[in-house]
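Asks: One structure, as structure tokens, below. Some questions next.
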Amino acid sequence: APGLSTELQTGRWGPSTGRALTLRSMCVWPVMGGWVVCSCVSLWCGRAAPYNTQHDGSKARVTVCGHCRWRCACHHPHGAACQVGYRFLTWTRKVTNYSAAERAFFYDPVCASTGKVGGTGAYLNKTADNKYFLFGVRDALDAPGEWYYNSTAGTLHVWMPDGGAPGDRVGVRVKDYCLDIDAMNGPPVHLANISMEGCTFRLQRCNGCTVSDVNNTYPTFQRTIPQRDVVTGPAPAVTTLQGNNSIIERFSLRYSNNGGIKVVGDNNIVREGLLEDLTWLGTLDFPPVELGFGSTQPTDRHAPFDVHQGMRSGADHTVGNNNTVTRCTLRRFGEMGILTSQRSNEISLCHVYDGGLIGLDHAGLHADNTLVSCMNHSIPSHLRANCTKAWHHNWVHNIREKCVRGDDYNLNLSVHHNVIFNCGFDVHEYNAGAATGCILKGDYNAFFQNTVFNVTSNPLGSGVSQGDLCIATSALHGAAMGRYNITQQNRHSVFLNSVVDNITTQHGPPWQTLHFEAFQAMYRDERSMQLQNPAAFDFRPSASSPLRRAGAVHPPYTVASPNGDAPDIGAYQRAELCTDDHWVPGCTFTPQCSGK
């Protein structure tokens with residue numbers, strides 16, 4: 001669009017001034033000397049009892065549920081759009097009609113990528129999924145700060161904070177990237193002490209680069225999901241760090257309806273980050289944090305459909321090794337939390353909570369089912385992917401469905417010293433949710449020294465509970481597994497010294513009838529574990545706890561204490577009460593990191 005501009009505020013950028021730089025690119029107007037950000041109007045619809053289907057891909061309609069925040073938009077549905085099919089993928093469809101008698105919106109179900117909305121098959125059939133929302137309707141504009149643009153008439157409708165006419169008080173500035181830098185594999189780039197509002201940064205081919213003390217508010221916005229219809233053109237804007245051996249630290253990302261930070265390359269570090277209120281398109285294409293995938297590419301109508309387009313695009317087997325996320329806080333996000341490929345990574349000391357708020361089939365920490373040749377012995381060893389992943393010393397809680405997940409084709413995932421609780425807390429709102437503390441698929445995994453509790457055991461509707469720990473045990477064969485066969489998933493996995501009240505099996509023989517590399521000291525009664533003060537987030541065992549010295553010694557995973565005692569069961573050791581080793585995860589660089 002013509003007339004794009006970016007306004008710079010509060011000084012210049014550079015160490016010589018010591019002052020912060022603010023980059024702004026948004027729909028704004030001055031109010032009392034400050035700035036107010038416009039938000040596009042949308043209409044949320046919740047579920048009406050008794051759990052009726054809300055969108056039907058075969059009939060191409062969504063049902064208006066009983067307690068929608070609905071006004072007179074029913075009379076003007078044309079030009080509106082509906083976001084439907086929440087699971088791990090979603091679809092944006094244009095509303096074509098509305099029936100007051102049927103209380104339903106109608107839309108075009110034909111989709112270039114999946115054939116129809118919802119697709120087909122076990123992983124894409126979403127004809128009975130959950131929430132949807134409507135947007136782009138003038139009559140849904142009902143709060144200060146909202147706006148609606150009539151593209152046909154070329155008119156912008158704005159609800160001003162003071163209730164008055166907009167007049168000449170509205171300024172519109174649009175720029176996806178305030179800083180878009182291609183370092184071309186040359187000298188490193190360093191960004192420091194910058195605030196960005198209504199835009200973000202993209203660093204490409206940036207090796208040894210640093211991003212520090214950068215705060216992004218309303219960084220990216222995407223009205224539709226072009227990946228579903230394979231729309232040509234540039235991919236949606238996403239905050240991106242692409243390159244090797246780079247660091248992003250002491251940063252914040254807030255209020256993005258699509259993705260958060262995408263890290264592409266090897267040996268990169270993300271630390272001390274605050275990421276909140278992200279991923280409201282409810283689709284796996286745009287997670288708050290993504291590691292180990294290739295660069296986002298423009299979609300192409302003539303290319304085969306790839307569910308990894310978008311923020312998950314390009315499961316490149318040559319990139320994504322040894323990336324680290326540590327000391328980050330993620331809260332209030334719509335779908336996945338931290339999404340990784342199967343390539344090597346480490347996630348530690350992160351606090352992930354209040355997630356999966358509008359999606360389905362999600363997890364707070366998620367190793368994706370990308371096909372990576374970790375064990376393909378038909379190729380030289382130095383070309384095989386390193387799939388060693390270590391997730392440790394994290395709190396993951398209050399996730400609407402699954403808290404931690406090593407998905408299909410998962411290998412070499414070590415999950416240890418984590419506190420995982422309040423999982424599946426609202427799974428009854430879905431038609432087919434699966435409350436799970438941690439689920440591990442694949443093989444050569446390690447699950448030890450974890451404390452898992454309060455996972456929903458009796459979901460309503462057609463939801464299911466997969467327990468505190470779910471172990472996949474079925475066989476996997478063929479090229480889909482990267483040319484290796486698994487006769488029993490998790491046959492070579494270890495399970496040690498963890499609090500897991502309820503253990504279940506997925507897609508295979510019961511775990512009790514099978515052999516694993518190790519299966520010891522799994523404490524099965526969370527009601528009697530006697531933690532120090534879990535209500536205050538102190539998960540150490542009390543002096544009288546039955547977890548004390550009850551663990552198994554199984555090097556290199558679990559070892560005896562210096563005085564020879566057996567380790568305690570769970571994520572914390574009692575001895576930490578007398579030392580400085582009481583770890584508390586999450587970011588620390590700003591007081592806003594606090595809060596549980």
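The values are calculated or read from the model by the stated rules, or taken from the named source; none is laboratory data. Just so it is clear, the model here is predicted, and its values are computed rather than measured. Using ideal geometry, Cβ is built from the backbone for each residue, glycine included, and neighbour counts are taken over all protein chains shown. When the accessible area is computed, the model is the full protein with side chains, heavy atoms only, and any ligands, DNA or RNA have been set aside. Shrake-Rupley method; radii C 1.70, N 1.55, O 1.52, S 1.80 Å.
Asks: So ASP581 fits all but one of (1) at pLDDT 90 or above; (2) of a type in the set (D, E, K, R); (3) within 26 Å of GLY273 (Cα to Cα); what number is the exception?
Replies: Every condition holds for ASP581 apart from (1).
Asks: For region 460-481, which positions are open to solvent by 10 Å² or more (accessible area, probe 1.4 Å) and either modelled with pLDDT under 55 or not polar (S, T, N, Q) (or both)? If you could, list the steps in order and put the result at the bottom.
Replies: Pass one, region 460-481, residues open to solvent by 10 Å² or more (accessible area, probe 1.4 Å): 460-466, 474-480.
Residues satisfying the conditions are LEU460, GLY461, SER462, GLY463, VAL464, ALA475, LEU476, HIS477, GLY478, ALA479, ALA480.
Asks: Out of (1) at pLDDT below 95; (2) more than 22 Å from VAL415 (Cα to Cα); (3) not in a strand (DSSP E or B), what's the single condition that is false for PHE589?
Replies: Failed condition: (1).
Asks: Which residues, taken from region 400-428, are at pLDDT below 85 and open to solvent by 10 Å² or more (accessible area, probe 1.4 Å)?
Replies: Within region 400-428, ASP408, TYR409, PHE425, ASP426, HIS428 meet the criteria.
Asks: Condition first: in a loop (DSSP other than H, G, I, E, B), modelled with pLDDT under 70 and open to solvent by 20 Å² or more (accessible area, probe 1.4 Å). Can you find one or more residues in region 80-93 that meet it?
Replies: Step one: of region 80-93, the residues in a loop (DSSP other than H, G, I, E, B) are 80, 85-90.
Right, trim to modelled with pLDDT under 70 and you get 85-87.
If we keep only those that are open to solvent by 20 Å² or more (accessible area, probe 1.4 Å) too, we end up with 87.
Looking for residues that are in a loop (DSSP other than H, G, I, E, B), modelled with pLDDT under 70 and open to solvent by 20 Å² or more (accessible area, probe 1.4 Å), one finds at least one in region 80-93, hence yes.
Asks: Another question, if that's okay. Kindly indicate the residue of region 435-445 that is buried (at least 22 other Cβ atoms within 10 Å of the Cβ) and either in a strand (DSSP E or B) or among the hydroxyl-bearing types (Ser, Thr, Tyr) (or both) and also modelled with the lowest pLDDT among those meeting that condition. Spell out the reasoning first.
Replies: Taking region 435-445 as the starting set, the residues that turn out to be buried (at least 22 other Cβ atoms within 10 Å of the Cβ) are 435-443, 445.
Subset that is either in a strand (DSSP E or B) or among the hydroxyl-bearing types (Ser, Thr, Tyr) (or both): 435-440, 443.
Values: ALA435: 85, THR436: 90, GLY437: 94, CYS438: 96, ILE439: 95, LEU440: 95, ASP443: 89.
Of everything passing the filter in region 435-445, ALA435 is modelled with the lowest pLDDT.
Asks: I've got another one for you. Filtering region 143-183 down to residues that are among the charged types (D, E, K, R) and open to solvent by 30 Å² or more (accessible area, probe 1.4 Å), which residue is nearest to PRO219 (Cα to Cα)? Show your work before the answer.
Replies: Within region 143-183, the first condition is being among the charged types (D, E, K, R), and the residues that meet it are 146, 162, 168-169, 173, 175-176, 180, 182.
Next cut, open to solvent by 30 Å² or more (accessible area, probe 1.4 Å) only: 162, 168-169, 173, 175-176, 180, 182.
Details: ASP162: 26, ASP168: 25, ARG169: 23, ARG173: 14, LYS175: 10, ASP176: 8, ASP180: 13, ASP182: 19 Å.
Only one residue fits best here, namely ASP176.
Asks: If you go through region 532-548 one residue at a time, how many are in a loop (DSSP other than H, G, I, E, B) and either open to solvent by 60 Å² or more (accessible area, probe 1.4 Å) or over 23 Å from ALA566 (Cβ atoms) (or both)?
Replies: Filtering region 532-548 for residues in a loop (DSSP other than H, G, I, E, B) gives 537, 542-548.
From what is left, the residues that are either open to solvent by 60 Å² or more (accessible area, probe 1.4 Å) or over 23 Å from ALA566 (Cβ atoms) (or both) are 537, 543-544.
Of the residues in that region, 3 qualify.
Asks: Another question about this same structure. Among the residues of region 161-214 satisfying the criterion of being touching a residue at least 40 places away in the same chain (Cβ under 8 Å), among the acidic types (Asp, Glu) and assigned to a loop (DSSP other than H, G, I, E, B), which is farthest from LEU278 (Cα to Cα)?
Replies: ASP162
Asks: Something else: Within region 223-246, is even one residue modelled with pLDDT of 95 or more and out of contact with any helix residue (DSSP H, G or I) (no Cβ under 7 Å at 6 or more places or on another chain)? Talk me through it step by step, then tell me what you get.
Replies: Of the residues in region 223-246, the ones modelled with pLDDT of 95 or more are 245-246.
From what is left, the residues that are out of contact with any helix residue (DSSP H, G or I) (no Cβ under 7 Å at 6 or more places or on another chain) are 245-246.
Yes, there is a match, as at least one residue in region 223-246 is modelled with pLDDT of 95 or more and out of contact with any helix residue (DSSP H, G or I) (no Cβ under 7 Å at 6 or more places or on another chain).
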